[in-house]
1. Give the number of residues within segment 9-55 that are open to solvent by less than 10 Å² (accessible area, probe 1.4 Å) and out of contact with any Pro (no Cβ under 6 Å at 6 or more places or on another chain).
2. For Leu132, are the conditions met, namely being out of contact with any His (no Cβ under 6 Å at 6 or more places or on another chain) and part of a loop (DSSP other than H, G, I, E, B)?
3. Between residues in segment 100-114 that are at pLDDT 95 or above and residues that are among the charged types (D, E, K, R), which pairs lie under 6 Å by C-beta distance while being six or more apart or on different chains?
4. Please enumerate the residues belonging to segment 1-60 that are modelled with pLDDT of 95 or more and basic (Lys, Arg).
Amino acid sequence: PTDFLVTATPGAGKTAFALQLPTDLLARRAVDRVIVVVPTDHLRTQWAYAAHRLGLRLDPTLGNDAGAVRPEMHGYVTTYAQVAARPAIHEARTRAKRSLVILDEIHHAGDGLSWGEATMTAFETASRRLALTGTPFRTRPDERIPFVRYDTDGEGALCSVADYTYGYAEALQEGVVRP
């Protein structure tokens, strides 16, 4: 599918899972670029370092004014705020190559209407999108988060529908997280 939402408890390995996907897709030549969107600046470096350990070169310093992604890089890591500031530059980078966009903590795209709108504009043309969150979330009908499917909860709110869920009880039972 084009869009895939993973809900997994904190500490379950969302980053490791998310970085295995582009490794496989790049090797199969299903995508040509990886773009990771995170909520904070310090996570840019964290994601780039984790990617480097798997042989992926993601630029954590590429700014909105830098233009194209350097050719020796597999992609880049940016923040929702940067996307909101200049969605057109991210849309151009996404459109330039078949891109996998990883939206870390996708619920942050709902932190402000401009963040959600910018995320939609910037990444609507992506070949594939992987959205990650540590917490299933609800939203008002007028505040839909891009690329997320919803069901109604019977009380007028919308509940996100994950394609894969890995809960705390399951992770605890399997020894992935500590009590």
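The values are calculated or read from the model by the stated rules, or taken from the named source; none is laboratory data. Source: prediction; values computed, not measured. Every residue, glycine as well, gets a Cβ built from its backbone with ideal geometry; the counts of neighbours run over all protein chains shown. In case anyone asks, the SASA skips ligands and DNA or RNA and just uses the protein heavy atoms, side chains included. Shrake-Rupley method; radii C 1.70, N 1.55, O 1.52, S 1.80 Å.
1. 11
2. no
3. As it stands, the answer is Leu100/Arg128; Val101/Arg129, since those pairs meet every condition given.
4. Passing the criteria: Arg28, Arg29, Arg33, Arg44, Arg53, Arg57.
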